[in-house]
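Participant: First the structure, which I've put down as structure tokens, then a few questions once you've had a look.
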Amino acid sequence: MTRLPSFVKRFASRPIAVRLAVSSVFWSFVILLIAGLILSTLYRDNTERAFDQRLLVYANTLASNLVGPGDPDRDLGPIGDPRFELPLSGWYWQVARPNAAAGEIRSSKSLFGGQLPNLASGDNRFGQIRRGYGKAPDDRNLRIIERDIDLGEDGRYIIRVAGPADEIEVAVRDFIFALTVTFALLGLALGFTTLLQIRFGLRPLSNLRSALGAIRRGEAERIAGEYPRDISPLASELNLLLDTNREILERARTQVGNLAHALKTPLSIIMNEAENAPEDVAAKVREQATTMRDQVNYYLDRARAAALAGTLGTLTEAEPVIAGLARTFAKIYRDKDLEVELAIPPNLRFRGEKQDLEEMAGNLIDNAAKWAAHKVEVAVEIVREDDRSRFRLLIDDDGPGLPEAAREEVLKRGRRLDETKPGSGLGLSIVSDLAALYRGSLMLDASPMGGLRAILELPGDRGSP
């Protein structure tokens, strides 16, 4: 399999708008560059052709003077352009027989005794008009026209007319500058219109993303609005997926509830019947029935949470739930004069079911209250991680704490380190399992208050302050 270069992989992961913009700018640059090269080449050809036409007019004038009445070797006189009379002006003409000696060559005064280079070669046909570049006596570049004249008995002559090639270069350079400025402005205009087209063309996708964000934040239940024909099926499929997901969750919730009722009723009957059994048998039955009930509740809670964890659009305000739990446990443990201190900013939201937040926070506050001497502190904060937010719950107590080695043991299912405290030992393991279902975590650490610190991290609302 061919490995793609790293820059191609990075570019492939960019947003669609960036990829469209970069692709559009790149290909616009390539197209404008190719068009500029073609136009500048065509302009140079046209400029050379027009310049050659001017030189050819002078060459034809010399040919007319040469074939006129009189001796062909006579003085041909001026040809109507004073630049041919100025020394080294860059405009020159020359008439001579093939292989003529230097003294037999007639030329314009501007040549100042010099000679024009020969463009003829062995394979040139007679009468052909030849064009090319050469050097002047002062080493200036010249554009030269050369043609042959056959005067019959008077023999053959070669006419050469030259003009400064700088005029062609200056005209081409001015054209390239104007073309560059024009294409640069055109490129900027194309880039701006491309950005507008991308923004306008991708707006339905942006609207779809906003609609999904509203569902995720719990502000809407379905994707609403009109979408283009190619985006509308996607919105419909997403709505269908959301509806199917809700139906599956509702069925799971109903089945979990039915199972809970189906199991709790026989357990209650077993415990009631145990009252009529001998004391040792009754105690054992009650113990095992209580264990079964705790285990049933534990796994039913896990099943319910697994069905509901991560449900789109489910948000729970943290402050009312935790404040209510704090008041409840302060009353339950009023015999130790327990103080529960809260530090919860307003509008912080947990991305999940209220019942699950109550379950997790309640178990943690209950555990802290059991072991605290007099005080429990509860704090909630939102931690930003890249483009996501984490809901962090910190619960500290001033109790005896736990050694580092014992903190992992207490999170194991049903593990109790002190049999004198009430409870089944499932509280912290339930919290850990529920947190894992929400892709969160539960950690235990030493508290600044001297006891134990429980750190619960869960998905939070990105829009929360």
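The values are calculated or read from the model by the stated rules, or taken from the named source; none is laboratory data. Here the structure is a predicted model, which means the values were calculated and not measured. Reconstructed Cβ throughout: ideal geometry from the backbone, glycine too, with neighbour counts over all protein chains shown. The accessibility values were calculated without ligands, DNA or RNA, using every heavy atom of the protein model including side chains. Shrake-Rupley method; radii C 1.70, N 1.55, O 1.52, S 1.80 Å.
Participant: Taking the Cβ-Cβ separation of Ser28 and Glu85 as r and a Förster radius of 56 Å, what is the calculated FRET efficiency to the nearest 0.05?
Facilitator: Efficiency, rounded to the nearest 0.05: 0.60.
Participant: If Lys354, Lys375 are ordered by their accessible area, calculated over protein heavy atoms with a 1.4 Å probe, which sequence runs from highest to lowest?
Facilitator: Result, largest first: Lys354, Lys375.
Participant: Please work out the Cα center distance from the range 167-200 to the range 12-46, rounded to the nearest Å.
Facilitator: The distance from the Cα centre of the range 167-200 to that of the range 12-46 comes to 11 Å.
Participant: Additional query: Keeping all protein chains in place, calculate the accessible area per residue for the range 159-252 (probe 1.4 angstrom), answer in Å². Spell out each step's value before the answer.
Facilitator: Values: 6150 Å² over 94 residues.
Heavy-atom accessible area per residue stands at 65 Å².
Participant: With +1 assigned to the C-beta of every Lys and Arg and -1 to the C-beta of every Asp and Glu, and no other charges, what is the dipole magnitude of the range 320-392 about the Cα centre in debye, to the nearest 20? If you can, show how the numbers build up before the last one.
Facilitator: Working: 13 positive and 14 negative charges, 23 e Å.
Dipole about the Cα centre, nearest 20: 120 debye.
Participant: Taking a probe of 1.4 angstrom, what is the accessible area of Tyr438 in Å², to the nearest 10?
Facilitator: 10 Å²
Participant: Please compute the Kirkwood hydrodynamic radius of the range 166-246 from all pairs of different C-alpha atoms, in Å with one decimal.
Facilitator: Working: mean 1/r = 0.0606 Å⁻¹.
After inverting the pairwise mean of 1/r, the radius is 16.5 Å.
Participant: Which FRET efficiency value, to the nearest 0.05, is calculated for Ile231 and Arg44 with the Förster distance at 51 angstrom and r the Cβ-Cβ distance? Write out the running numbers ahead of the final one.
Facilitator: Working: r = 50 Å, r/R0 = 0.97.
For R0 = 51 Å, the calculated efficiency reads 0.55.
Participant: Based on alpha-carbon positions alone, could you give the equivalent ellipsoid semi-axes of the range 308-384 from the gyration tensor, as √(5λ), descending, whole Å?
Facilitator: Working: eigenvalues 123, 33, 18 Å².
Over the Cα atoms of the range 308-384, the ellipsoid semi-axes are 25, 13, 10 Å.
Participant: Okay, moving on. Determine ³J(HN,Hα), in whole Hz, for all residues of the range 45-52 in sequence, where each value follows from phi through the Karplus function 6.51 cos²θ - 1.76 cosθ + 1.60 and θ = phi - 60°; x replaces Gly and Pro.
Facilitator: Once θ is set to phi - 60°, the couplings for the range 45-52 become 4, 5, 5, 4, 5, 5, 5, 5 Hz.
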